[in-house]
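The values are calculated or read from the model by the stated rules, or taken from the named source; none is laboratory data. Computed from a predicted structure; not experimentally measured. Note: ideal-geometry Cβ built from the backbone for every residue, glycine included; neighbour counts use all protein chains shown.
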Amino acid sequence: MPRVKAPLDYLPKWQGVGPCVGQPNIMYGSPGRARATCYSCPVLDDCCEWILSLPFSADPGGVIAAMTLEEREAIHQNVTTRTCRTCGEPKPLTAFSKWKPHAPSRRPDCKPCDKHRRNTMRGTE
């Protein structure tokens, strides 16, 4: 069931600086495109701190601070495991690569599945 976008009563002053301003089609569309927008943002760290400071019930959904709603929910719940999208096995969060070194979000495939996928795409496996 899709999450209803909640109106936020509080938006920080720096919020108008990000490339996502006025771009809901990006932030609620493809997670990959939204993450790319976030990674080019000069206020990514501020955004990450802000969204994780909100109670989860106030989360507006979409990709914010390069994290999906599910990733933010896991952080709020202190989840230490995740199920790999490819092999379907639950594994510790450390078994999943980070999207970017400074971001808290992780890739949806575990490291071995991600490596296999990349090698298959390159034709080296």
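Can you name every residue in the range 27-38 that is under 12 Å from the mean Cα position of the chain (by Cα) and either part of a loop (DSSP other than H, G, I, E, B) or within 19 Å of K98 (Cα to Cα) (or both)? Spell out the reasoning first.
The initial filter retains those residues of the range 27-38 that are under 12 Å from the mean Cα position of the chain (by Cα), namely 27-28, 30-38.
Correct list: Y28, S30, P31, G32, R33, A34, R35, A36, T37, C38.
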*Would you be able to tell me the number of residues in the range 20-29 that are exposed (fewer than 15 other Cβ atoms within 10 Å of the Cβ) and in contact with a helix residue (DSSP H, G or I) (Cβ under 9 Å, 6 or more places away or on another chain)?*
2
*Confirm whether A74 is among the hydrophobic types (A, V, I, L, M, F, W, C), at pLDDT below 90 and part of a helix (DSSP H, G or I).*
yes
*For C41, state whether it is out of contact with any Ser or Thr (no Cβ under 9 Å at 6 or more places or on another chain), assigned to a loop (DSSP other than H, G, I, E, B) and without any contact (Cβ under 8 Å) to a residue 40 or more places away in the chain.*
yes
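Please find, within the range 79-98, the residue that is modelled with the lowest pLDDT out of those that are among the small types (G, A, S) and outside any strand (DSSP E or B).
A95
Filter the range 44-65 down to the residues that are in a loop (DSSP other than H, G, I, E, B) and either surrounded by 17 or more Cβ atoms within 10 Å (Cβ to Cβ) or of a type in the set (D, E, K, R) (or both) and list them by number.
Here is the first cut: in the range 44-65, the ones in a loop (DSSP other than H, G, I, E, B) are 54-55, 59-63, 65.
The answer is D59, P60, G62, V63, A65.
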*Does at least one position in the range 99-121 carry a residue that is without any contact (Cβ under 8 Å) to a residue 24 or more places away in the chain, in a strand (DSSP E or B), surrounded by 14 or more Cβ atoms within 10 Å (Cβ to Cβ) and under 13 Å from the mean Cα position of the chain (by Cα)?*
yes
*Subset of the range 64-78 [among the β-branched types (V, I, T) and either closer than 15 Å to K98 by Cβ or not assigned by TED's automatic domain parsing to the domain that holds G32 (or both)]*: T68, I75
*asked:* Of everything in the range 26-80, what is of a type in the set (D, E, K, R) and within 16 Å of P108 (Cα to Cα)? Give them in sequence order.
replied: R33, R35, E70, E71, R72, E73
